1. Of the residues that sit in the stretch 97-110 and are surrounded by fewer than 12 Cβ atoms within 10 Å (Cβ to Cβ) and among the basic types (Lys, Arg), which one is modelled with the highest pLDDT?
2. I'd like the residue in the stretch 78-93 that is assigned to a loop (DSSP other than H, G, I, E, B) and not small (Gly, Ala, Ser) and, out of all such residues, is farthest from residue 37 (Cα to Cα).
3. Looking at 89, 18, 81, 116 in this structure, which one is modelled with pLDDT under 80 and farther than 30 Å from residue 133 by Cβ?
4. Right, residue 75: at pLDDT 80 or above, part of a helix (DSSP H, G or I), within 30 Å of residue 31 (Cβ to Cβ) and among the aromatic types (Phe, Trp, Tyr) or not?
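The values are calculated or read from the model by the stated rules, or taken from the named source; none is laboratory data. Predicted, not measured: the structure shown is a model, and the values here were computed from it. All Cβ positions, glycine included, derive from the backbone under ideal geometry; neighbour counts span all protein chains shown.
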Amino acid sequence: MLLVCTPRKLSNYLVSKLKRQQVEKAARYSVVQSATSEYNVVHNNASQRKKWARVMFTVRIEDDGSRYSCECGMYEHFGILCCHAIKLLIHTSVTRIPEAYIMKRWTRAARDFVYLDDISSGPVSSQLSQNLLLVNALEVVRTVNRDSQASDILARHLSNARKEIDCL
């Protein structure tokens, strides 16, 4: 089974649909090796395709399998691995998409936060300040999520903070 990372944000819905579509389209192709690290990926129903439609694409394996280069240029244009490269991954029994094709924003590790300590001197907008506080609060909540004692400590401190803020 080929593992495909999915985007984390709803704003990447189109990217998700395109990736899924490429995996489904890969089933329509067959692979024929033409050179040591070069393969021709041919459409299964080539004779039934429109005359203007391409039925064969050359895919090259580069850098010992860490990169795949297809002449369709989909990765270069959209940043999404094409169905031809996906078919070659399946054909060569690769079980994971190479790291070069996994964008950080699609992973669970996509948490590049800027904290107030990291911001250069100068005025901080209220929106940025609010976002930084929210991120910090969410990180604390994630940390205490599995520990009831830590959760009680957080609840107590939040209650005290709320009382202190209300007195301002």
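1. Result: 104.
2. 80
3. Just one listed residue meets the conditions, 18.
4. yes
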